[in-house]
Every structure is written in structure tokens, then in C-alpha cells.
Ligand SMILES: CC(C)(COP(=O)(O)OP(=O)(O)OC[C@H]1O[C@@H](n2cnc3c(N)ncnc32)[C@H](O)[C@@H]1OP(=O)(O)O)[C@@H](O)C(=O)NCCC(=O)NCCS
């Protein structure tokens, strides 16, 4: 089966590590078709079981993002009928699994949706991989005490008040990504997952390294990028190379921060994003007064 870009390079000898390649696509609600003819039959049944409009909207956005990511990675047709043949079905754990014409596709995918935006990460084969996206928000001390390890709590205690929301959100997102890679989600005690490395700069260009250790000693390596508003993390075992974006993210400048997604609280809409993309495909910045 054809695969987007290159295949993961196998190690030439035992001392060489095999790095996996993650592909990532981000989409916003505004690009999701209003009809449901791009969904498969099993997906339609799952959708009709959902009672709340927000849940249905998030779920549809996740499915759309995943199908488009798979079409790009596997070089599948991406017409509406072709997308309906690809189904993203929740496994018994809740983790998304990809099928085409009812046969499993040879990939592992992970999904996250937040504030009208979704990301889908894809790797070849059956892997432990998870992704997460969060808006940077303040969290209470009770949240920190309940969900973080003693070492993480010490790190947070030594972080300035201004930096705390970013550091706490980053730690949290890294744990969520790892909990998805383990296909457990928040059934796991988040203190069993300990963030042991997170270095880098707060800007939406490039990826910064991240390590999360599970209580059995397994290390999930991964990557993060974030700014004042938004954060993405992705982790995997075996170690992944920095994610390759399937479509460029469009940076939008808001005050001193850069966002690449809709932020309804700031009045940044998908229309703004599209206009920014039309004006300059490389790095147009659009200034908003929040
Ligand atoms: C996985 C989980 C941590 C994500 O929570 P979140 O931050 O609210 O949401 P995100 O947008 O980042 O991720 C949601 C996606 O994670 C994926 N996911 C759900 N359970 C997962 C699991 N066990 N492993 C890996 N991925 C999972 C799904 O694709 C889900 O989106 P979808 O349901 O629309 O397909 C959370 O859903 C969870 O803990 N689930 C397991 C426990 C559970 O099922 N509880 C039932 C609800 S009470």
C-alpha cells in the first residue's frame, strides 16, 4: 500500500534506533461538511447515539480530520464517497481505529478536539502513540495536587505565576497523550505517568522534545509545540521523529502571541484563518485586538 513520504527507516544494526514517523493534520469545524454522506454506516449509527450537540460536533470534526489525514497518508481518494468508505470506529477502550471497506487499515491513529479544532496523528503499523491539544488555561492548586507527581508538583511550585498556566497545561497534555498511547485515557491514575523531560521554547515553529515515563519504566518520547494560547503534544513508543504536518498550519498573530487555530474567546474564526491563508501561504500574521 502506498505511504505518504518515506517509510520509517529500519535500523542497520542492533545499536541503531528505529525512529517512527508521525504525520499530523489539523482541521477546524468550519471545513466539515454539514451533511453526513462522508460518514460510513457504522459511524452514522454511532453519531445517532450521541445525545448532545457539542459531542456530535466534536466527534464529526475528529472523524473528518482523521479521514482526511488517512487519505493524505495512504494516498487514498478523498472525494466524499471515498471518505465514507473509511470509518473511524472506537475500540473497546475508546481509542479510535481505522477501517476501509470494513477491513482494518495498517495504521495507528490518535485524535484530540478542542475549541472547534481537531488534530489527528497517524503512524504506520500497530504502535503506542497518542496526541493531545489543549488551550492554555489556569488550573487550581487542588488540580495540581490531585493529578501530578511529587516531582511535577515541585517543578510547578518553582515556576513563576505567569508561567504556571503554560507549564501545568504542558504537563497535563503530555500525560493525556501518553494515556492515549497506552489506550487507557483517564482511566489511568495520571500520577502513574511522570513527565521526565520537556525543554524548548514557546513558539509555534518546530517541535520541542518531551519524555513521559510510565510506572512500569516504559518511556514515551514525543514532541510539543505551544504559545500563550495553544498547545499540542504527541508521544509514542518507539521514539518518534518530529511530526510532519500534512497541511501547513497558518500562524495568526494575536497581540504578542501566535495562534494557528480558531480561538472563539478572542473572536478568531476560521474565516480569519482562511483569509490569512489566501493572502500569504507562508507566514502571514493577522493582528486582532482581543
Ligand atoms: C481519552 C481521554 C483522556 C480524552 O479526553 P479529552 O481530553 O476530553 O478529549 P480529547 O479531545 O483530547 O480526546 C478525545 C479522543 O480521544 C480518543 N480516545 C478516547 N478514549 C481513548 C483511549 N482509551 N485511548 C486512546 N484514545 C482514546 C477518542 O478518539 C476521543 O475522541 P472521539 O471520542 O471523538 O473519537 C478521555 O476521553 C478518556 O479518559 N477516555 C477513557 C475513559 C472513558 O471512556 N470514559 C468514559 C466517559 S465517562
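Shown is the FRET efficiency for residue 75 and residue 241, computed with R0 = 22 Å from the Cβ-Cβ distance and rounded to the nearest 0.05: 0.65. Placing dummy labels 7 Å off each Cα toward the beta-carbon, the span from residue 186 to residue 57 is 2.0 nm. Once the cut-off is 20 Å, how many percent of the Cα-Cα pairs in the stretch 130-234 end up in the long-distance tail? Above the 20 Å cut-off, the stretch 130-234 has 31 percent of its Cα pairs.
Most tightly packed first, judged by the mean number of other beta-carbon atoms within 10 Å of their residues, the peptides 190-199, 31-40 read 190-199, 31-40.
The order of the peptides 64-70, 216-222, 112-118, 42-48 by mean Cβ neighbours within 10 Å, most packed first, is 64-70, 112-118, 216-222, 42-48.
Rule-based calculations on the coordinates, nothing more; no lab input. Keep in mind it's a predicted model, so treat the numbers as computed, not measured. Methodologically, a virtual Cβ is constructed for each residue, glycine included, from the backbone with ideal geometry; neighbour enumeration extends over all protein chains shown.
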